[in-house]
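Working notes, beginning with the structure itself.
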Amino acid sequence: MFDNGKFFILGVGAQKAGTTWLANQLEKASFFSNGGIKEFHVFNKLFTQNKTTNNKFKIAKKANINRHIKRRLKQDKDLLISQKVLMRLSPAAYFDFFDYLYLRQPDVSHVGDITPAYSTLSIDRFSLIRDGLIEKKFHPKIIFLMRDPVERVWSQLRMNNRFKFERTKVKATPQEEFKKLQNFYKSKSCINRTQYEIISRKLESVFNPEEIYYGFYETLFTKAEINRLTNFLECPAISPEFGEVVHASPKSNVELEGLNEVLQEIREFYAPTYTWARRRFNDSLPKSWVT
């Protein structure tokens with residue numbers, strides 16, 4: 001495509017599948033820069049024209065720009081609109097930002113944005129991203145990490161409860177968490193992040209096969225897998241800290257009656273995802289997915 005050694009790493013999920021850990025390892029490498037921001041959350045929060053909103057003043061109103069400006073004035077910020085808000089209003093600013101990161105640092109060959117919520121994007125949004133990257137002459141490098149659906153769902157719920165505790169100081173009991181789990185796995189938010197076969201279909205309808213890396217949380221923390229990843233990224237070797245733990249949401253040690261049955265219900269609910277994964281990845285699929 002381009003013979004310029006200019007790469008863009010786009011992490012699209014899955015949530016609770018090792019993306020934060022991976023971002024931390026990349027940030028320590030001299031060849032990579034993300035401007036100090038792991039998750040930009042631009043394309044899942046765009047304030048753009050659509051069938052119902054095609055007036056720029058209405059778009060600005062929808063974005064609640066006055067609220068952003070007032071908050072930044074109180075914080076004594078020089079820029080009255082943050083970079084993220086600007087990017088959501090004008091995606092061109094996103095691509096300009098990363099182009100600048102690449103151009104200003106001679107040692108940087110890879111820049112990127114690892115936002116797990118991008119797994120929920122539409123084909124049109126993925127197309128917007130690819131077109132913007134190609135226009136800036138970036139080689140797209142898409143990373144999609146997956147985790148056993150049952151484990152991913154449960155981990156997401158525990159993370160949500162941890163965030164709620166940090167906000168309210170009210171901690172959910174194991175029994176309350178178990179009760180939530182019985183419905184949470186069927187929620188739209190959870191389904192959109194767990195049906196990997198649909199996410200894959202969208203990615204492959206936009207990006208070339210050689211531009212997409214599929215990996216697994218269960219095998220990510222190994223030297224062999226990191227070597228496979230760096231080969232895909234066409235970047236220098238890295239020395240990750242496999243013992244580093246980030247954003248952990250541990251399981252409760254409390255025994256809960258009926259938990260195994262609910263976990264089996266979740267597995268059956270996502271049966272098409274398990275079937276797709278077995279057919280797609282065969283022997284490279286982690287054993288825990290098939291037992």
What is the distance in Å between the Cα centroid of the range 86-114 and that of the range 231-291?
32
Could you give the radius of gyration (one decimal) and Dmax (whole number) of the Cα atoms in the chain, in Å?
20.2, 59
Pairs beyond 28 Å (Cα-Cα), from Lys45/Lys202; Lys164/Lys186; Lys16/Lys137; Lys45/Lys137:
Lys16/Lys137
Amide H neighbours of Gly11 at under 5 Å, excluding residues fewer than 5 places away on the same chain, with H built from the backbone geometry, are Asp113, Ile114, Thr115, Ile143
Straight distance only, please: which aspartates and glutamates reach the Cα of Lys251 with their own Cα at less than 16 Å, same-chain residues fewer than 8 apart left out?
Asp148, Glu151, Glu176, Glu177
Residues Phe281 and Phe242, FRET efficiency given R0 of 25 Å [Cβ-Cβ distance, rounded to 0.05]
0.65
Probe of 1.4 angstrom, ligands and nucleic acids ignored: what's the accessible area per residue over the chain, in square angstrom?
53
Residue-wise HN-Hα coupling along the range 88-97, computed from phi with Karplus coefficients 6.51, -1.76, 1.60 (Hz; x: Gly, Pro)
6, 7, 9, x, 4, 5, 5, 5, 5, 4
Run the simple label-point estimate for Ser189 and Leu103 please: 7 Å along Cα→C-beta, distance reported in nm.
3.9
Computed over the chain: relative contact order in percent, which uses C-alpha pairs under 8 Å that are six or more apart
28
Just round it to a whole percent: the fraction of Cα-Cα distances in the range 155-275 exceeding 22 Å.
54
Hey, with R₀ at 22 Å, roughly what FRET efficiency would Ile123 and Asp96 work out to, going by the Cβ-Cβ distance, to 0.05?
0.35
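The values are calculated or read from the model by the stated rules, or taken from the named source; none is laboratory data. None of the values given here were measured: they were computed from a predicted structure. So basically every Cβ, Gly included, is an ideal-geometry build from the backbone, and we count neighbours across all protein chains shown. Keep in mind that these areas ignore ligands, DNA and RNA; they rest on the heavy atoms of the full protein, side chains included. Shrake-Rupley method; radii C 1.70, N 1.55, O 1.52, S 1.80 Å.
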